[in-house]
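**Student:** First the structure, then my questions, so here it is.
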Amino acid sequence: MKDKQSSSFRGSSRSDFRNIGLVGRTGKAAVVDTLCLLYEHLIAKGLHPIFDEETATLVPMEAVQIVSRALLGEVCDLVIVVGGDGSLLHAARDLVRYKTPVIGINRGRLGFLTDISPHEVLFKLDQVLAGHYHIDRRFLLQLEVRSGTQVKYEAIALNDIVLHAGKSVHMIDFELSIDGHYVYRQHSDGLIISTPTGSTAYALSAGGPIMYPTMDAVVIVPMHPHTLSSRPIVVGGESEIKIYIRDNRVLPMVSADGQTSVSLQIGDWLHIRKHPFKLSLLHPPGYDFYAACRTKLGWNQDFDKFQED
């Protein structure tokens, strides 16, 4: 059975998952409660939960198995992330090169990526462990900041790469090229280059379109451009995007998935293209992207209220 847009459904009478990684967001008691619940449930099922070093400091259990976050994907068959979408974004960048599947338990706000609610966590997890799940393979973007032939900075992003002016109120000046074709020179607050996964995040707030998560496309969204005719552009997923930094009153900055921003210099180039590895994001049966949009973006609220009146 095939789901839409190349997602797949897998059914099995036994679990292929034995070593289960547990990753949690710091600073929330609810996350710790869910981590402890998961740990005890996995132990009772005869499985092997493994914490990354940072998460292990959150839980009260002793003698748990611990590895570094960088190696978690190498030793685990599945990784469970407890937190918000930001927690999963952070984990994804460490796990993607191992092709380790990831599932998210929502203890954050929206939860487009961490889509399992806490009150049904054990039921949904058991479905996954029994081999019943959907797989979404989400691509990431990779960024290189180049000065001449020197690569000054590299990063990867599951959601987006954002060129911005930092804390300054001044617009920035840059040029955009796609696949070797000059597109435009722009004065604006910046530019968002987003994957379909990130189209429901910052790009949406800037007026970008919502893209189905498994589409092979990238959206380029201007941030408050100094022209009424500048609109988001959707390009193929294999496109190579280059941005040239011109002379500016302030130094522009770039960030990947909201990580620490890096300052850019006049004459720097941003090279952005698809990352070679994809993230395998698992969903229990019944996952529906459009239902998630209705719930998390507030679609139908006015209509439902009208029906009640």
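**Student:** Among (i) 0.90; (ii) 1.07; (iii) 1.01, which is the computed Cα Rg over 2.2 N^0.38 Å?
**Tutor:** Structure-derived value, by its label: (ii).
**Student:** While we're on this one: Tell me what the chain gives for mean residue ellipticity at 222 nm when only DSSP H runs of n ≥ 4 count, each as -39,500 (n - 2.57), the sum divided by the residue total, rounded to 500 deg cm²/dmol.
**Tutor:** Rounded to the nearest 500, the figure is -6000 deg cm²/dmol.
**Student:** Work out the FRET efficiency for R97 and Q150 from their Cβ-Cβ distance, taking R0 = 30 Å, and round it to the nearest 0.05.
**Tutor:** 0.80
**Student:** Now for a different question. Can you tell me how the range 182-309 classifies by the Cα gyration tensor, rounded, prolate or oblate, using a/c under 1.5 as the rounded cut?
**Tutor:** prolate
**Student:** Using a 1.4 Å probe on the protein heavy atoms, what percent of the accessible area of the range 163-309 belongs to carbon and sulfur?
**Tutor:** Answer for the range 163-309 is 51 percent, counting heavy atoms of protein chains only.
**Student:** Report, in order of residue number, the helices in the chain meeting two criteria: a C-alpha extent of 18 Å or more along the helix axis, and a mean Kyte-Doolittle hydropathy of at least -0.5; treat each whole DSSP H run as one helix.
**Tutor:** Qualifying helices, which must be both long enough and hydrophobic enough, are 29-44.
**Student:** Along the charge dipole of the chain, pointing to its positive end and built from +1/-1 on Cβ of Lys, Arg, Asp and Glu, which listed residue (P49, S230, S147) has its Cα farthest out?
**Tutor:** Value: S147.
**Student:** Estimate the FRET efficiency between S168 and I266 by the formula 1/(1 + (r/R0)^6), using the beta-carbon distance for r and 22 Å for R0, to the nearest 0.05.
**Tutor:** After rounding to 0.05, the efficiency reads 0.90.
**Student:** DSSP loop GluC sites (Glu not before Pro) in the range 9-111 with at most 14 other Cβ atoms within 10 Å of their Cβ, which ones?
**Tutor:** Listed in order of number, the matching sites are E62.
**Student:** If we restrict to alpha carbons, what Rg and Dmax does the range 162-210 come to, in Å?
**Tutor:** 12.0, 31
**Student:** Hey, can you find the accessible area per residue of the range 82-144 for me, probe 1.4 Å, expressed in square angstrom?
**Tutor:** Per-residue value: 34 Å².
**Student:** Once a ≥ b ≥ c are taken as the square roots of the eigenvalues of the Cα gyration tensor of the range 18-130, is the result rounded (a/c under 1.5), prolate (a/b larger than b/c) or oblate (a/b not larger than b/c)?
**Tutor:** rounded
**Student:** Continuing with this model, one more query. From Cα pairs below 8 angstrom and at least 6 apart in sequence, can you work out the relative contact order of the chain, rounded to a whole percent?
**Tutor:** Reported relative contact order: 18 percent.
**Student:** Separate question: Could you check what % of the DSSP bridge pairs in the chain are antiparallel, to the nearest 5?
**Tutor:** Roughly 75 percent of the DSSP beta bridges within the chain come out antiparallel.
**Student:** Kindly state, as a whole number, the per residue volume in cubic angstrom of the convex hull around the alpha carbon atoms of the range 65-131.
**Tutor:** 95
**Student:** Quick one: pull the percentage of alpha-carbon pairs in the range 66-180 with a separation above 23 Å.
**Tutor:** I get 45 percent for the Cα pairs in the range 66-180 exceeding 23 Å.
**Student:** Shifting gears a bit: Given springs between every Cα pair under 10 Å in a Gaussian network model of the chain, which of S280, S230, S87 has the largest fluctuation?
**Tutor:** Residue with maximal mean-square fluctuation among S280, S230, S87: S230.
**Student:** While we're on this one: Just from the alpha-carbon atoms, what are the Rg and Dmax of the range 235-300 in angstroms?
**Tutor:** Answer for the range 235-300, Rg first and Dmax second: 18.3, 52 Å.
The values are calculated or read from the model by the stated rules, or taken from the named source; none is laboratory data. The shown structure was predicted, so the numbers you read here are calculated from the model rather than taken from an experiment. Because the Cβ atoms are built from the backbone with ideal geometry, glycine has one as well, and the counts that use them run over all protein chains shown. Accessible surface is based on the protein model in full, side chains and every heavy atom, while ligands, DNA and RNA are left aside. Shrake-Rupley method; radii C 1.70, N 1.55, O 1.52, S 1.80 Å.
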